[in-house]
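Input: a single structure, listed below in structure tokens.
We did not get these values from a lab; they are worked out from the coordinates using the rules stated. Keep in mind it's a predicted model, so treat the numbers as computed, not measured. Glycine also receives a Cβ, built like all others from the backbone with ideal geometry; neighbour counts cover every protein chain displayed.
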Amino acid sequence: MTQLNTPYGSYPVSAILFDKDGTLLQFVSLWGSWGECFLDQFSRRLKQRGLNFPAQPLPSLLGTVHDPEGRITDYDRNGPLAMGTMSDLYAILSWQGYLLGLSWAEAAELVDVCRQEADAMLERSRPVRPLPGLLPLLGECAAQGIPLAVVTADETAAAEKHLRWLGIRQYFTAVVGTDLVERGKPFPDMALLACQRLGVSPSGAAVIGDTNGDMRMAKAAGAAAAIGIAGGITAGQTAGVVAGRPVPAAAGSSGTAAQIPQTLLPDADCVISSYAELSLRNTLS
């Protein structure tokens, strides 16, 4: 048996399930780039039709934070871009086009053109970066023979591609996207399918993610642990949250006195700020 050690307790695990965006790769590096391109194309093409899309609602559409130049610098971890499916995002933007006077068909066609432009930009630039400390943890899992899977609100083919861009596809036995299940997060379907493909019981799997949808999926599946990673929080780092309650930084941690908002990941068993806070121990050795 292997123990997954956190600053707030240890969990016996036989597998680990990872969310992808904001958990394996830095969310803003990929989806910030995609969102900026998509929204820019959307606004430009509306103007070509004589329609002006108001700048003010832009951040609230997808749950993004923008600087004065319009660049995406952060995201709402419980918002559409973080938790929604691609179909959800396309529907949100199609609705905006419809509100501005396009027919639903015209709005859907416009959104599809913008999607193609944003996807092509990603193919050219491949703006993916792993979260700090991820690669050593994946190496430790491989050394101890812990099977790993990805459970993501993204589509499976796109997730496979992003993992290859990162150079980490070989660590994962299974990749489960929202297109492979009837219900996505926060429902348990993806976690249950991933455990089935790994040949483990959900009660022996830990789930690591950056949104409360990940935490609720873990709880619904009966996972051994729901661990939130919140290293990308820009309002101030902290060591963690246990059972939805902020706790002081652990000795030697890089957290500050600022606390993660209690509402960020209320269903997490614990929240870490870095993968450096996790370790594995074989209890049979």
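Quick rundown of the values:
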| item | result |
| --- | --- |
| Calculated from backbone phi, Karplus (6.51, -1.76, 1.60) coupling profile of the range 41-50 in Hz, x at Gly/Pro | 4, 4, 5, 4, 6, 5, 4, 5, 9, x |
| Karplus-derived HN-Hα couplings along the range 26-33 (A = 6.51, B = -1.76, C = 1.60, θ = phi - 60°), whole Hz, x at Gly and Pro | 5, 4, 5, 4, 8, 7, x, 4 |
| Neighbourhood charge, 13 Å Cβ-Cβ cut-off, centred on Arg164 and excluding it, Lys, Arg +1 and Asp, Glu -1 | +2 |
| Alpha-carbon centroids, the range 132-146 and the range 1-80: separation in whole Å | 25 Å |
| The chain: mean projected area of Cα convex hull, nm² | 15.0 nm² |
| Cα-only radius of gyration and Dmax that characterise the range 1-103, units Å | 18.3, 64 |
| Test item: Cα-centred dipole of the chain, Lys/Arg +1 and Asp/Glu -1 on Cβ, debye | 320 debye |
| Degrees between helix 86-99 axis and first principal axis of the chain (Cα, 0 to 90, nearest 10) | 30 degrees |
| Percentage, to the nearest whole number, of Cα pairs in the range 14-171 over 22 Å apart | 45 percent |
| Relative intensity, log₁₀ I(q)/I(0), of the range 22-71 from a Debye sum that treats every alpha carbon as a point, q = 0.16, 0.26 Å⁻¹ | -0.49, -1.05 |
| In nm, spacing of pseudo-spin labels at Arg44 and Asp76 (7 Å Cα→C-beta vector) | 2.7 nm |
